[in-house]
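Working notes for the structure below.
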Amino acid sequence: MTDTYGDTLGWGILGTGRIARSFATDLREVPGARLAAIGSRTPGSAQAFATAYGGYDCTPHASYEALVADPAVDVVYVATPHTRHLEDSRLAFEAGKHVLCEKPLAVNAAEADEMVRLAGEHDRFLMEGMWMACNPVVRAVLDQERFGRPRQVHADLGWVVETSPHDRLVDPALGGGALLDMGVYVLTLAHLVLGEAAELRAVADVNEAGIDLDVAIAGRYADGATAALTASMTSLSPRAATIATDRGLLTLPSPFHHPGFATWTSREGTSEQITGVEPLIGTGLGNEAAEVMRCLREGLRESPLVPLAQSQTVMRQMDDIRSQIGVRYDADRSAEPTG
Ligand SMILES: NC(=O)c1ccc[n+]([C@@H]2O[C@H](COP(=O)([O-])OP(=O)(O)OC[C@H]3O[C@@H](n4cnc5c(N)ncnc54)[C@H](OP(=O)(O)O)[C@@H]3O)[C@@H](O)[C@H]2O)c1
């Protein structure tokens with residue numbers, strides 16, 4: 001199916017939570033982007049969101065069904081808990097919309113694979129909202145010709161999560177836990193730098209509700225490269241990353257998953273600040289939106305910056321890690337063969 005777009009591309013945001021608000025704020029700075037509609041399960045939230053973040057022509061919808069049916073919406077940004085990503089993306093595909101879906105792509109690999117299958121069946125664009133991979137500084141540090149062969153990746157992401165037991169971050173029914181929320185970034189960074197892992201071993205502190213509060217992962221990659229990766233919901237962790245190469249050291253300061261700059265220190269001891277070629281748009285969620293729009297205008301069905309195979313690989317890695325640390329979600333049961 002060939003799509004034609006006018007001067008602006010219409011975004012519809014599905015869900016009115018924390019990241020939806022951040023995304024809508026950045027979207028204002030993306031050239032050619034328009035927040036056409038917002039969908040919520042409750043009319044009041046949709047109206048309040050439209051008033052706060054939309055322009056005069058942003059339509060509030062009191063259901064996700066109404067949002068995806070809106071003809072002014074070209075692409076739907078799915079900003080609901082992980083356990084809903086498949087269901088909400090399916091809704092959008094069936095209405096003929098393209099999808100940018102928040103990270104992780106789904107709650108497990110089986111659901112991620114089904115999302116990719118549905119995107120293909122409906123000939124629609126799909127991308128995981130892995131904004132780190134669209135960040136100009138992160139893209140710049142992946143230049144091996146310039147910085148040498150990466151040998152070790154250290155990456156950490158965490159903060160103290162103080163919230164109600166019903167918050168999606170800590171609710172097992174909504175895919176809670178540090179691995180899926182923060183660990184997805186450290187695993188994806190290691191994948192971007194070192195390629196697919198040959199082996200990952202993990203340990204974790206799992207709470208009484210059955211979710212991982214802290215997780216540490218050791219990874220082995222091609223040619224003997226290694227990674228040490230951590231995620232935490234109980235501590236203000238360093239939130240930084242380093243990439244050690246045979247020529248020097250790249251440091252991504254906190255917050256490494258959306259840095260404003262990186263530092264390169266050569267083996268000879270010279271130091272240099274690394275910035276991206278393209279400017280940062282807002283906090284970097286704007287660069288992610290701009291990448292989706294670039295792909296749509298070029299008729300692509302996935303982004304070369306966040307390939308679907310990469311998102312699916314990282315989902316499989318997280319399934320494997322969860323089985324090592326003993327974290328299981330309801331959605332895993334339906335993915336298991338019966339009989
Ligand atoms: N890229 C990033 O930096 C980043 C940061 C944070 C989160 N995320 C990802 O974005 C997704 C949403 O995270 P969030 O922190 O924005 O979550 P949140 O604040 O809890 O908001 C989620 C929204 O989803 C909707 N929703 C639908 N069913 C729900 C249910 N059963 N329970 C709770 N909410 C439900 C609600 O919107 P309505 O009530 O309006 O329907 C709610 O406001 C997650 O997959 C997360 O991993 C990404």
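The values are calculated or read from the model by the stated rules, or taken from the named source; none is laboratory data. Being a predicted model, the structure only gives us computed values, none of them experimental. So basically every Cβ, Gly included, is an ideal-geometry build from the backbone, and we count neighbours across all protein chains shown. For the accessible areas, the whole protein counts, side chains as well, though only heavy atoms, and no ligand, DNA or RNA atoms are used. Shrake-Rupley method; radii C 1.70, N 1.55, O 1.52, S 1.80 Å.
Close amide-amide hydrogen proximity is noted between Thr59 and Ala37, Ile38, each under 5 Å apart and 5 or more residues distant or on a separate chain (H modeled in the peptide plane; Pro and chain starts excluded). What the phi angles of the stretch 239-254 give under the Karplus curve with 6.51, -1.76 and 1.60, with θ = phi - 60°, is a coupling list of 6, 10, 9, 10, 10, 9, 10, 6, 10, x, 10, 9, 10, 9, x, 4 Hz, glycine and proline written as x. Ordering Thr8, Thr188 by accessible surface, largest first, gives Thr8, Thr188; the 1.4 Å probe counts only protein heavy atoms, with every chain in place. Can you tell me how the stretch 1-102 classifies by the Cα gyration tensor, rounded, prolate or oblate, using a/c under 1.5 as the rounded cut? Rounded, since a/c falls under 1.5. When only Cα pairs below 8 angstrom with a gap of at least 6 residues are kept, the chain shows a relative contact order of 19 percent. Any chance you could check the Cα centroid distance between the stretch 210-244 and the stretch 1-42 for me, in angstrom? If you average the Cα positions of each part, the centres end up 33 Å apart. In the elastic network of the chain, a GNM with C-alpha springs shorter than 10 Å, the most mobile of Ala216, Ala52, Ala72 is Ala52. Just check the stretch 167-309 against the gyration tensor rule for me: Cα atoms, a ≥ b ≥ c as the square roots of the eigenvalues, rounded for a/c under 1.5, and otherwise prolate or oblate depending on whether a/b exceeds b/c. Oblate, because a/c is 1.5 or more while a/b does not exceed b/c. Using C-alpha pairs below 8 Å separated by at least 6 residues, the relative contact order for the stretch 1-138 is 20 percent. Surface analysis of the chain yields an accessible area of 42 Å² per residue, using protein heavy atoms and a 1.4 Å probe. Rolling a 1.4 angstrom probe over the chain with all protein chains present gives an accessible area of which 52% lies on carbon and sulfur atoms.
Would you please state which residues of the stretch 256-276 a label at Ser235 would reach in this model, taking the label point 7 Å out along Cα→Cβ and a backbone N cut-off of under 19 Å? Residues 256-257 fall inside that zone.
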